[in-house]
Amino acid sequence: MSKAYGFIEISGVVAAIDVLDIMCKAAEVELATWERKLGGRLVTLVVEGEVSAVKAAVEAGMTEYNIRKPVSHGVIPAPHEEIQKIVAVSASRWKKKPEKSSEPKMLGQDPPDFNLKEQTK
């Protein structure tokens, strides 16, 4: 299997989930990771799979969106080891880390390791 990453950047968490659903239904890809910036106002989705599937998924996400048009996209076939490391670090933030509190989190809420006070010092 030739691995590839597909990226779509979009404004808004709800719009990102809509596009991710479209991408995953269009081709055999899985969510590798996602990044939220500016409090979820800018979301980058990263899917992975075979090159042809990733290309089809990204194309579907860019053309069949329901809520908002994505702002940027890309496909990286056979990603370099350094790109794989970046994706792995991002994925570890939400796949492997246990929640620090038992309080329910709202969709799009900053991750538990995010501390606004420390960021603004």
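The values are calculated or read from the model by the stated rules, or taken from the named source; none is laboratory data. Every value quoted in this text rests on a predicted model; they were computed, and no experiment measured them. Because the Cβ atoms are built from the backbone with ideal geometry, glycine has one as well, and the counts that use them run over all protein chains shown.
Within segment 54-70, how many residues turn out to be surrounded by 13 or more Cβ atoms within 10 Å (Cβ to Cβ) and in contact (Cβ under 8 Å) with a residue 40 or more places away in the chain? First the steps, then the outcome.
Of all residues in segment 54-70, those surrounded by 13 or more Cβ atoms within 10 Å (Cβ to Cβ) come to 54-62, 64-65, 67-68, 70.
Restricting the remaining residues to those that are in contact (Cβ under 8 Å) with a residue 40 or more places away in the chain gives 54-55, 57-58, 61-62, 64-65, 67-68, 70.
Summing the residues that are surrounded by 13 or more Cβ atoms within 10 Å (Cβ to Cβ) and in contact (Cβ under 8 Å) with a residue 40 or more places away in the chain in segment 54-70 gives 11.
Within segment 19-42, the residues that satisfy the criterion of being closer than 14 Å to PRO70 by Cα, aliphatic (A, V, I, L, M) and either without any contact (Cβ under 8 Å) to a residue 24 or more places away in the chain or assigned to a helix (DSSP H, G or I) (or both) are VAL19, LEU20, ILE22, MET23. Within 22 Å of ILE86 (Cβ to Cβ) and surrounded by fewer than 17 Cβ atoms within 10 Å (Cβ to Cβ): does that describe LYS37? Judged against the criteria, LYS37 is a match. Annotation note: Cβ proximity below 8 Å between a residue of segment 75-88 that is in contact (Cβ under 8 Å) with a residue 40 or more places away in the chain and a residue that is part of a helix (DSSP H, G or I) and of a type in the set (D, E, K, R) (sequence gap 6+ or interchain) occurs for VAL75/LYS55. Considering the conditions (1) crowded, with 16+ Cβ neighbours inside 10 Å; (2) in contact with a helix residue (DSSP H, G or I) (Cβ under 8 Å, 6 or more places away or on another chain), GLU30 is excluded by exactly one of them, (1).
The test for being more than 17 Å from ASP18 (Cβ to Cβ), at pLDDT below 95 and of a type outside the set (Val, Ile, Thr) holds for ALA91.
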